[in-house]
Amino acid sequence: MEGFYPNNVRADGPVRVGERWFLKDAQATEDWARRWAVHLVPGLVITLQGALGAGKTAFVRGVLRGLGVTGTVRSPTYAWLETYELSRLYCYHFDFYRVTDEGTVEEMGFRECFRQDSLCFVEWPERVSNWLPRADVAWHLAPQDEGRCLILHAATPRGLATVQPMDGC
Ligand SMILES: Nc1ncnc2c1ncn2[C@@H]1O[C@H](COP(=O)(O)OP(=O)(O)O)[C@@H](O)[C@H]1O
Ligand SMILES: [Mg+2]
């Protein structure tokens, strides 16, 4: 499958790969992500693959809105990381597009962000596939007609539990 990266599509429970949702415009992306957000629990690692402009940041913005972030949600492309501290949990939004050496990511101390009291969103996981902890939900965004197709790549059991309520949404 396109974009396969061994470390974080492995799953030790039931996996549904290839399930997809059509998102007709940017608003649909944000709305879907907002609705999904209510099912998220601390400790999850969520990855987003897709080309530049596929809607990865738009999707994370929707999730963060659903979690109660009201301020600006900017793309972490240049900073690599944007942090959001909510009363419930810490959210870390990574964009590893510019990573050329996975060792740098380890040196930056980003490992500490992956905890049981945090939620991590990772754009361009394929740039750090050896370094990254396993994803609980691995999404792929692809262009489709004028909109986007959101494709479930992989999920751990607890990741799958967040996706199941979205059947038919
Ligand atoms: N479902 C959609 N249909 C059409 N355009 C979308 C959709 N979702 C997001 N977009 C638009 O596509 C662009 C995605 O940008 P961004 O989220 O920064 O992409 P990425 O982070 O993948 O590089 C934005 O202009 C956004 O408004
Ligand atoms: Mg982005």
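The figures follow:
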item	result
Residue check, THR104 touching a helix residue (DSSP H, G or I) at 6+ places or on another chain (Cβ under 9 Å), surrounded by fewer than 20 Cβ atoms within 10 Å (Cβ to Cβ) and among the β-branched types (Val, Ile, Thr)	no
Enumeration of residues in the stretch 42-60 that are buried (at least 23 other Cβ atoms within 10 Å of the Cβ) and over 19 Å from GLY159 (Cα atoms)	GLY55
Residue tally, condition under 12 Å from the mean Cα position of the chain (by Cα) and over 12 Å from PHE22 (Cβ atoms), over the stretch 135-169	11
Within the stretch 25-55, considering residues that are touching a Ser or Thr at 6+ places or on another chain (Cβ under 9 Å) and of a type outside the set (A, V, I, L, M, F, W, C), the one nearest to ARG115 (Cα to Cα)	GLY43
Residue within the stretch 64-83 that is touching a residue at least 24 places away in the same chain (Cβ under 8 Å), assigned to a helix (DSSP H, G or I) and in contact with a Phe, Trp or Tyr (Cβ under 9 Å, 6 or more places away or on another chain) present	yes
Subset of the stretch 1-49 that is acidic (Asp, Glu) and modelled with pLDDT of 95 or more - its residue that is nearest to ligand 1 (Cβ to nearest atom)	ASP25
For THR72: the one exception among (1) farther than 17 Å from ASP117 by Cβ; (2) at pLDDT 95 or above; (3) β-branched (Val, Ile, Thr)	(2)
All positions within the stretch 116-139 that are charged (D, E, K, R) and within 15 Å of LEU160 (Cα to Cα)	ARG134, ASP136
Enumeration of residues in the stretch 123-140 that are in contact (Cβ under 8 Å) with a residue 40 or more places away in the chain and farther than 15 Å from PHE59 by Cβ	GLU126, SER129, ASN130, LEU132, PRO133, ARG134, ASP136
Near pairs, Cβ below 9 angstrom, 6+ apart or cross-chain, from the stretch 37-60 (within 16 Å of VAL137 (Cβ to Cβ)) to any residue that is basic (Lys, Arg) and within 10 Å of ligand 2 (Cβ to nearest atom)	LEU48/LYS56; GLN49/LYS56; GLY50/LYS56
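Let's see how each residue does on (1) closer than 12 Å to GLY55 by Cβ; (2) surrounded by fewer than 20 Cβ atoms within 10 Å (Cβ to Cβ):
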| site | (1), (2) |
| --- | --- |
| VAL128 | no, no |
| ALA138 | no, no |
| ASP145 | no, yes |
| ARG148 | yes, no |
| HIS153 | no, no |
| THR156 | no, no |
| ALA161 | no, yes |
| MET166 | no, yes |
| CYS169 | no, yes |
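The values are calculated or read from the model by the stated rules, or taken from the named source; none is laboratory data. Here the structure is a predicted model, which is why all the values come from computation and not from measurement. Positions of Cβ are backbone-derived with ideal geometry, glycine not excepted, and every protein chain shown enters the neighbour counts.
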